[in-house]
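See below for the structure under consideration.
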Amino acid sequence: MSDNILQIQNISKSFGGLQATQDVSFDVKEREILSIIGPNGAGKSTLFNLITNFYKVDSGSILYRGENIVGLTPDAVCLKGITRTFQIARPFPGLSVSDNILVALLAKSKSVEEARDKVPAILEQVNLDKKAHFMGGQLTTLERKRLELGKALATDPEVLMLDEVMTGLKPKEMDEMMDLIRELQQHMTIVIVEHVMRVIMTISERVIVLDHGRKIAEGTPQEVTSNPEVVSAYLGRRSGNAGN
Amino acid sequence: MKFSKPLVIFIILTLALVIAGFSPIPVYVKHVLILTLLYAYMGTAWNLMCGYAGRLSLGHSAFVAIGAYTTIILFRQITLSPWLGMLMGGLLAVGVMLLIAYPCFRFGLKGPYFTLASIAVMEIVQNLLTSMRDLTGGSLGLSLPYKPTSLALFQFDGKEPYFLIILVLWFIAVALVWKMERTRYYLEAIREDQDAAAALGISVNKNLIKSAVISAFLVGIGGAFYVQYFRYIDPATVGGFSIALNLALVAIIGGSGTILGPTIGAVLLIPLSEVLRMTVGSQLPGLHLLVYGILLVITIIYLPKGIVSIPGIIRARKIRKANLALTGSGIAGGSGADE
């Protein structure tokens, strides 16, 4: 039990008549890389929003180091040690790149000066040191993604939740990003929502598969990709297959 | 870092104002100076919530009116010292602000909707003041019973004491905003994207409410100063659109979301409107407002970030030219943090 940093227990969420998340349970182990995959609309981003309390769960509990964090505000969740990125990167467009990072550092810094001292190291880590004086809104999509990651890292998380950080990257950039994620794993637990199968197969230790808001499989990348239900979720069911 | 450029400007500005206020200038010029400082002070307060946090209020005169009426009513009814009245006015303004701000922020009212709500609040306060005739004198307003010069009663025959008081208030407001560096960053982040700010551990509601409370308190105190200085108020003047708009204008023209923007805006706009009123306005009634309006439109088109952005624009242009000359490819990038 003690090596489970995060325990998701039977959480459900519906929006009107749409059941976005249905009785999902899984554990996240300390310092692992866990991937969450599933077809479009499977509820991956909703799950992120539920864990970080951007959405309130209808039922179920989310334990972080044994403590139920359901009902906290998103900022309190971040202060506890769980930080998420957004699928569509959300830099503060009117602030400079270094101020974007500075703001992210502030919540856990004693003084603005202390935060300011840490900015260059993070800029370097996400390879944005040459863009420090650019405005957040002036960055390219790729740079925005790196800034998004930099902001998340600046909050010094214990659980880092990355929502599709690879989308739109070139193969070489993906390799760099994967190296960075592996490096980060030394210091934190990482939960990734990702579409790019190459990434999932390479870096994840375990994979959770969602479909229509339900968890349909869990296991190593190899186990999951050979699971017939997962294959049918991605490619469509044959007639006569049992639904549940 | 010890003497950043804005700090130098602030010190020079303060010294210049002190010298101006105590030099043998005509009384009318002193009056304009006091008016300028009053708007610089209240604009700085407005700017905290509306500039930094981006919750644009066009109804801040509600809090001016609350501060002014609280002070004068308490003085007239129970001869409470205007200094205490000032404090009460500020606190009452905070109370009313909380009543509005809490539900607005809690339910995520922003953009034009928040602005509309702020205007509605101003109208409500103005209507209440007009209808509570027994207490407020209705639309005829209230005048401050004359007392000879007395510090305890906040009444003076000359302009200098008023000048000194508003100078101190302005100084405190600017210094306060200056010291709130962390909060300023939080508010800017919230203005830019409040979900992204929350994801970084920034408490959106707490910081918004903090900015609103400080803003209302300072503006309420400004209202108290207003009534002590002008000695007469009515709901339309003190709680109407004109003050509300001027607060927003000095901040926006000067540079909203910057420490000295509202002050610079006030220093330019208030004397300008007075000069226009005396020169153009005396030729044809209302012409000064037309000229004033045209100048505002031009400023907003060419300097959307306000007058404080001029040095940055010049520097960026220089850097671009230098880069162009060196490499043939223009790379923008201003160095050195301004604020």
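Report the residue count in segment A:93-110 for those that are more than 21 Å from B:Gly54 (Cβ to Cβ) and within 8 Å of chain B (Cβ to nearest Cβ).
So the first thing to find is which residues in segment A:93-110 are more than 21 Å from B:Gly54 (Cβ to Cβ), and the list is A:105, A:108-110.
Adding the requirement that they be within 8 Å of chain B (Cβ to nearest Cβ) leaves A:108.
Within segment A:93-110, residues that are more than 21 Å from B:Gly54 (Cβ to Cβ) and within 8 Å of chain B (Cβ to nearest Cβ) number 1.
Go through A:Ala42, A:Ala20 for me and flag whichever is hydrophobic (A, V, I, L, M, F, W, C), out of contact with any Asp or Glu (no Cβ under 9 Å at 6 or more places or on another chain) and at pLDDT below 95.
A:Ala20
Is it the case that some residue within segment B:211-225 is at pLDDT 95 or above, within 26 Å of A:Val112 (Cβ to Cβ) and of a type outside the set (A, V, I, L, M, F, W, C)?
Yes - at least one qualifying residue is present in segment B:211-225.
For a quick check of your reading of the model, give me the residue pairs whose first member lies in segment B:195-213 and is polar (S, T, N, Q), whose second is surrounded by fewer than 24 Cβ atoms within 10 Å (Cβ to Cβ), with beta-carbon atoms closer than 6 Å and at least 6 apart or on different chains.
Between residues of segment B:195-213 that are polar (S, T, N, Q) and residues that are surrounded by fewer than 24 Cβ atoms within 10 Å (Cβ to Cβ), the close pairs are B:Ser203/A:Asp75; B:Asn205/B:Phe105.
If the requirement is being polar (S, T, N, Q) and either modelled with pLDDT of 95 or more or not in a helix (DSSP H, G or I) (or both), which of these qualifies: B:Ser256, B:Ser242?
Unique residue meeting the criteria: B:Ser256.
Of the residues that make up segment B:208-218, is at least one in a loop (DSSP other than H, G, I, E, B), more than 10 Å from chain A (Cβ to nearest Cβ) and either in contact with an Asp or Glu (Cβ under 8 Å, 6 or more places away or on another chain) or more than 20 Å from B:Trp83 (Cα to Cα) (or both)?
no
For segment A:26-45, which residues satisfy the criterion of being of a type in the set (S, T, N, Q) and open to solvent by 10 Å² or more (accessible area, probe 1.4 Å)?
Of the residues in segment A:26-45, the ones of a type in the set (S, T, N, Q) are A:35, A:40, A:45.
Once the filter is applied, which keeps residues that are of a type in the set (S, T, N, Q) and open to solvent by 10 Å² or more (accessible area, probe 1.4 Å), segment A:26-45 yields A:Asn40, A:Ser45.
Please work out which residue is modelled with the lowest pLDDT, limiting yourself to segment A:87-101 and to residues that are of a type in the set (A, V, I, L, M, F, W, C) and surrounded by fewer than 22 Cβ atoms within 10 Å (Cβ to Cβ).
Across segment A:87-101, the extreme among qualifying residues is A:Ile88.
Looking at segment B:185-204, can you tell me whether even one residue there is more than 14 Å from every other protein chain (Cβ to nearest Cβ), open to solvent by 20 Å² or more (accessible area, probe 1.4 Å) and out of contact with any Phe, Trp or Tyr (no Cβ under 7 Å at 6 or more places or on another chain)?
no
Can you tell me which residue in segment B:172-181 is nearest to the other protein chains (Cβ to nearest Cβ), limited to those that are surrounded by fewer than 18 Cβ atoms within 10 Å (Cβ to Cβ) and not small (Gly, Ala, Ser)? Show your work before the answer.
We begin by selecting, within segment B:172-181, every residue surrounded by fewer than 18 Cβ atoms within 10 Å (Cβ to Cβ); these are B:172, B:175-176, B:178-179, B:181.
Then keep just the ones that are not small (Gly, Ala, Ser); that gives B:172, B:176, B:178-179, B:181.
Values: B:Ile172: 21, B:Leu176: 16, B:Trp178: 12, B:Lys179: 11, B:Glu181: 5 Å.
So, considering only residues that are surrounded by fewer than 18 Cβ atoms within 10 Å (Cβ to Cβ) and not small (Gly, Ala, Ser), the one nearest to the other protein chains (Cβ to nearest Cβ) is B:Glu181.
Any residue at all in segment A:46-67 that is assigned to a strand (DSSP E or B), open to solvent by 40 Å² or more (accessible area, probe 1.4 Å) and not basic (Lys, Arg)?
yes
Could you pull out the residue among B:Tyr162, B:Tyr146 that is more than 14 Å from chain A (Cβ to nearest Cβ) and modelled with pLDDT under 90? Even if it seems obvious, please write down each step before you answer.
Working: B:Tyr162 fails: modelled with pLDDT under 90.
After applying the criteria, what remains is B:Tyr146.
Got at least one residue in segment B:149-168 being in contact with a strand residue (DSSP E or B) (Cβ under 7 Å, 6 or more places away or on another chain) and among the charged types (D, E, K, R)?
Scanning segment B:149-168, I find no residue that is in contact with a strand residue (DSSP E or B) (Cβ under 7 Å, 6 or more places away or on another chain) and among the charged types (D, E, K, R), so the answer is no.
So which of A:Leu79, A:Leu72 is open to solvent by 40 Å² or more (accessible area, probe 1.4 Å) and not in a loop (DSSP other than H, G, I, E, B)?
A:Leu79
Being β-branched (Val, Ile, Thr) and open to solvent by 10 Å² or more (accessible area, probe 1.4 Å) is the filter; apply it to segment B:250-264 and report the residue that is farthest from A:Gly94 (Cα to Cα).
Among them, the one singled out is B:Ile264.
Mind telling me which of the residues B:Gly286, B:Gly312 ends up being open to solvent by 20 Å² or more (accessible area, probe 1.4 Å) and farther than 23 Å from B:Ala53 by Cα? Explain how you work it out, then say what you get.
Working: B:Gly312 fails: farther than 23 Å from B:Ala53 by Cα.
Within the list B:Gly286, B:Gly312, the selection yields B:Gly286.
What tally of residues in segment B:115-157 results from selecting those that are in a loop (DSSP other than H, G, I, E, B) and at positive phi? Show your work before the answer.
Step one: list which residues in segment B:115-157 are in a loop (DSSP other than H, G, I, E, B), which gives B:132, B:137, B:141, B:144-149, B:151-154, B:156-157.
From what is left, the residues that are at positive phi are B:137, B:141, B:154.
Adding up the residues that qualify gives 3.
Which residues, taken from segment A:143-172, are open to solvent by 40 Å² or more (accessible area, probe 1.4 Å) and either in a helix (DSSP H, G or I) or among the aliphatic types (A, V, I, L, M) (or both)?
A:Arg144, A:Arg146, A:Pro171, A:Lys172
Does segment A:131-139 include one or more residues that are closer than 30 Å to A:Lys13 by Cα, small (Gly, Ala, Ser) and in a loop (DSSP other than H, G, I, E, B)?
No, segment A:131-139 has no match at all.
Looking only at residues that are more than 10 Å from chain B (Cβ to nearest Cβ) and of a type in the set (S, T, N, Q) in segment A:50-79, which one is nearest to A:Met188 (Cα to Cα)? Don't jump to the end; show me each part of the working.
First pass over segment A:50-79, keeping only residues more than 10 Å from chain B (Cβ to nearest Cβ): A:50-51, A:55-72.
After this cut, where a residue has to be of a type in the set (S, T, N, Q) as well, the list is A:59, A:61, A:68.
On the way: A:Ser59: 28, A:Ser61: 22, A:Asn68: 20 Å.
Checking each candidate, the answer is A:Asn68.
For segment A:114-139, enumerate the residues that are among the aliphatic types (A, V, I, L, M) and either facing chain B (nearest Cβ under 9 Å) or in contact with a helix residue (DSSP H, G or I) (Cβ under 8 Å, 6 or more places away or on another chain) (or both).
Listed by number, the residues that qualify are A:Ala115, A:Val119, A:Ile122, A:Leu123, A:Val126, A:Leu128, A:Ala132, A:Met135, A:Leu139.
Inside segment A:181-199, can you point out the residues that are modelled with pLDDT of 90 or more and assigned to a helix (DSSP H, G or I)? Talk me through it step by step, then tell me what you get.
Here is the first cut: in segment A:181-199, the ones modelled with pLDDT of 90 or more are A:181-193.
Listed by number, the residues that qualify are A:Ile181, A:Arg182, A:Glu183, A:Leu184, A:Gln185.
For B:Gly137, work out the one condition from (1) open to solvent by less than 50 Å² (accessible area, probe 1.4 Å); (2) within 26 Å of B:Ala266 (Cα to Cα) it doesn't fulfil.
If we test B:Gly137 against (1) open to solvent by less than 50 Å² (accessible area, probe 1.4 Å); (2) within 26 Å of B:Ala266 (Cα to Cα), just (2) comes out false.
Could we say that A:Ile82 is touching a strand residue (DSSP E or B) at 6+ places or on another chain (Cβ under 9 Å), at pLDDT 95 or above, within 14 Å of A:Ala152 (Cα to Cα) and within 14 Å of chain B (Cβ to nearest Cβ) here?
yes
Which pairs turn up if I take residues in segment B:29-48 that are open to solvent by 20 Å² or more (accessible area, probe 1.4 Å) and look for partners that are among the basic types (Lys, Arg) with beta carbon separation below 7 Å, at least 6 apart in sequence or on another chain?
From residues that are open to solvent by 20 Å² or more (accessible area, probe 1.4 Å), the pairs are B:Lys30/B:Lys159; B:His31/B:Lys159.
The values are calculated or read from the model by the stated rules, or taken from the named source; none is laboratory data. Please read all numbers here as calculations on a predicted model, not as lab measurements. Note: ideal-geometry Cβ built from the backbone for every residue, glycine included; neighbour counts use all protein chains shown. Surface accessibility is based on the protein's heavy atoms, side chains included, excluding ligands, DNA and RNA. Shrake-Rupley method; radii C 1.70, N 1.55, O 1.52, S 1.80 Å.
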